[in-house]
Amino acid sequence: MSGTSDTPGDDASILTKTKPKTQRPPLYKVLLLNDDYTPMEFVVHVLERFFGLNHAQAFQIMLTVHKKGLAVVGVFSHEVAETKVAQVMDFARRHQHPLQCTMEKEE
Ligand code: TYC
């Protein structure tokens, strides 16, 4: 008879449903750090090349890093942030500049 069995999936087995929490994948800030040696034009070029910024935007962010010590240059998924950091670090290393780029989980 329907409704009298304890069989899982039977209509008598589960009467409450918990609403699943919608999980958003965490986002990561990519940060550029100041140093005393990397040329300003190189940093502007990096921001244009790897972060798709126009020249004016790139120049502004470079100046913010230069004055404040660091700035967020973009917010991405973990995979994309990791790729951007690797691209910047590799490009800087190949040009023998000490430019540092890191990522941090956005809370
Ligand atoms: N401080 C550097 C200079 O005076 C310029 C610079 C800006 C370096 C931003 C790194 O992330 C940086 N040449």
Checking N54 against (1) within 15 Å of the chain's Cα centre (by Cα); (2) modelled with pLDDT of 95 or more, which test does it fail? (1)
Identify all residues within the stretch 88-107 that are under 18 Å from M40 (Cα atoms) and either basic (K, R) or surrounded by 15 or more Cβ atoms within 10 Å (Cβ to Cβ) (or both); write none if there are none. V88, F91, A92, R93, R94, H97, L99, Q100, C101
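Rundown of residues vs (1) polar (S, T, N, Q); (2) open to solvent by 50 Å² or more (accessible area, probe 1.4 Å); (3) out of contact with any His (no Cβ under 7 Å at 6 or more places or on another chain), yes/no style:
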| site | (1), (2), (3) |
| --- | --- |
| V43 | no, no, yes |
| V46 | no, no, yes |
| N54 | yes, yes, yes |
| A58 | no, no, yes |
| I61 | no, no, yes |
| K68 | no, yes, yes |
| V73 | no, no, yes |
| V80 | no, yes, yes |
Name the residues in the stretch 57-107 that are within 9 Å of the ligand (Cβ to nearest atom) and modelled with pLDDT under 95, would you? none
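The values are calculated or read from the model by the stated rules, or taken from the named source; none is laboratory data. Being a predicted model, the structure only gives us computed values, none of them experimental. Quick reminder, even Gly has a Cβ in these numbers, built from the backbone with ideal geometry, and neighbours come from all protein chains shown. Areas reflect the complete protein model, heavy atoms only, side chains present, ligands, DNA and RNA absent. Shrake-Rupley method; radii C 1.70, N 1.55, O 1.52, S 1.80 Å.
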